[in-house]
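Reading through the structure tokens given below for one structure.
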Amino acid sequence: MAVGIELKEELLKVEQVIGETTARKVLREVIKIADTLPTAEKIISVDVIILTTSFQLIKNKILVEGTAKVRILYVAREATGAQPVQVFEEDISFELIAEVPGTEPLMNAWVQVDVHDIAFDLVDIRTVDVRVVISARVKVTVTEQLEVVTEVTGPADLQVTRELLKVEDVIGDAQAQALVTGRLIVPFEKPDIDSVISVEAKPRLTDVQVLDGQVVVEGLIDVDVLYAAVPQDPTPEGVKLPVHFFSSQLRFSQVVEVPGAAVGMVAQARIIFETVSFTELDFRTVTVDVVLKIVAKVTIVRQLEIVTDVTSASEVLDVEKRLLRVEDVIGEDIAQTIIKEVLEVPREKPNIERILRIDTSVKETSWRIIDGKVIIEGVIELQTLYVAQTPEGDQPVHHMSHRVKFTLFVEIPGTQEGFTAETRVAVEHVDFELVEDRRFTAKVLVGVFAKVTEPVQLNVVVNVVVVSPAPPAPCPQPTIVMVTIQPGDTLWALARKYNTTVEAIIQANPGIQPENLQVGQVIQIPACPAPKG
């Protein structure tokens, strides 16, 4: 650093977005019902859960691999004891490729794989043809560390230009595995268990706290148990089917170690369901073990005044700049709303006697920005399993699906059209009430998170030196030298090295951007011989 100029620098660690995309793929599998299970009369429902996923970054692409667990609920042709409803599962391995130009192997990626659509046909009494459309959302970033100049002192006539940035500094991320165990008791009003048909577990986040060196993640697991009941004498209303359902909740808390985390920082957490297993302890008790993967990321939003230019009338300055691409954080917030919808039984389905359960999933979300708000639109798919009003001895478990559109908004002051939003929508709770035998009300509690950023590109100052004036003009007959730009090169430094001027280099390279030289770029320099003497 030359005498007369003093710099104050600060290390900036930011994630630069390389690109993001959504890729879809159709998985088709012909699934055979195991010989140990009874044959199928009809399929009630097919559910698919995306289990473990992994990804690999290659040039311009992300290879995503994973497993889809298919759960098929069906009516048996010959009931086994008191269990006319059966369930079986099959794993489907998949891989897909998402193209994101600019991707390199050592970059970072965020990948979320969801089920977009499911279709199925019962081919014969032991064969089910299943088609699953999966959707992978991919975002590729690169973490860049850059020493930026925040203050410059020197000659009295020094002119310093600054830009205020609000950037998200990444402290670190980590993951942990949690095993949540619980004992579930059949509600008093429900009959005893003959055998459990299926257990489903859906985790959801309730709270995230940042402590020194760690993130504490708390949540709830909604556990749904479908079971065949011990046969009972008919009640006055008549019990036509020994299939029942009850739900329960398990609370959990998990610590994720994140070095550098501190109170006051911001954490984002994601809970990924992995497996659930169960054991029937007795006719009224079931124990469950749920395995979760929890991913936590800690950031801090910093406001920095970054120097973007330095000039002086009394000194010749060589100002080195780098192009910085950042997401200027405008703000983030969460919102909740209850969507209430009266739904009707499809014409081809029988009347409802009682509803067993309603499963939900969020489909086809999109967002748009207006002044001060993020508007999120999408579709919630409801899968309803119910006991139908059918003649005695029939199999009355039926299934129907509905799609409900929604529009939500999150207020974020300072948001403007043209900014970028990151959104997440989740169903937090579902309640239902039977209105009449062909109509019921569904109440869905939806939570949404929105974060708004503004893509910013700035040429920021990373070094300033005082230099001796270059020759006022190039020599009459310069020699053209082809030079490959190296890290740290500036036109001032190259002009001094080859005894020419910045203006001469610019003239020899039409279209060159002096403040955005790229490493590996080849330019022409009109070089002059060194002065004699």
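The values are calculated or read from the model by the stated rules, or taken from the named source; none is laboratory data. Since the structure is predicted, the reported quantities are computational estimates derived from the model, not experimental observations. Cβ sites come from the backbone with ideal geometry, for glycine too, and all protein chains shown count toward neighbours.
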Determine whether the range 434-443 contains at least one residue that is over 24 Å from LEU205 (Cα atoms), touching a residue at least 60 places away in the same chain (Cβ under 8 Å) and in a loop (DSSP other than H, G, I, E, B).
yes
Across (1) at pLDDT below 90; (2) out of contact with any Ser or Thr (no Cβ under 6 Å at 6 or more places or on another chain); (3) closer than 30 Å to GLU168 by Cβ, GLY414 clears everything bar (1)
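Every residue, every condition in (1) surrounded by 14 or more Cβ atoms within 10 Å (Cβ to Cβ); (2) under 18 Å from the mean Cα position of the chain (by Cα); (3) part of a strand (DSSP E or B), yes or no:
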site: ARG24; (1), (2), (3): no, yes, yes
site: LEU27; (1), (2), (3): yes, no, yes
site: VAL30; (1), (2), (3): no, no, yes
site: LEU37; (1), (2), (3): yes, no, no
site: VAL46; (1), (2), (3): yes, no, yes
site: LEU51; (1), (2), (3): yes, yes, yes
site: SER54; (1), (2), (3): no, yes, yes
site: VAL64; (1), (2), (3): yes, yes, yes
site: ILE72; (1), (2), (3): yes, no, yes
Residue ID - surrounded by the most Cβ atoms within 10 Å (Cβ to Cβ), chosen from residues in the range 246-282 that are farther than 27 Å from ASP333 by Cα and of a type in the set (S, T, N, Q)
SER248
Go over the candidates THR279, THR275, THR287 one by one and state the one that is in a strand (DSSP E or B), without any contact (Cβ under 8 Å) to a residue 12 or more places away in the chain, polar (S, T, N, Q) and not assigned by TED's automatic domain parsing to the domain that holds ILE49.
THR279
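Quick one: in the range 251-267, of everything that is β-branched (Val, Ile, Thr) and part of a loop (DSSP other than H, G, I, E, B), which residue is nearest to LEU292 (Cα to Cα)? Give the steps one after another, and end with the answer.
To start, the set of residues in the range 251-267 that are β-branched (Val, Ile, Thr) comprises 255-256, 258, 263, 266.
With part of a loop (DSSP other than H, G, I, E, B) added as a condition, the list becomes 258, 263.
Working: VAL258: 18, VAL263: 25 Å.
It comes out as VAL258.
The rows are residues; the columns are (1) modelled with pLDDT under 80; (2) on the phi > 0 side of the Ramachandran plot; (3) exposed (fewer than 15 other Cβ atoms within 10 Å of the Cβ).
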{"position": "GLU433", "(1), (2), (3)": "no, no, yes"}
{"position": "VAL461", "(1), (2), (3)": "no, no, no"}
{"position": "PRO476", "(1), (2), (3)": "yes, no, yes"}
{"position": "TYR498", "(1), (2), (3)": "no, no, no"}
{"position": "ALA504", "(1), (2), (3)": "no, no, no"}
{"position": "GLY511", "(1), (2), (3)": "no, yes, yes"}
{"position": "ALA527", "(1), (2), (3)": "no, no, no"}
{"position": "GLY533", "(1), (2), (3)": "yes, yes, yes"}
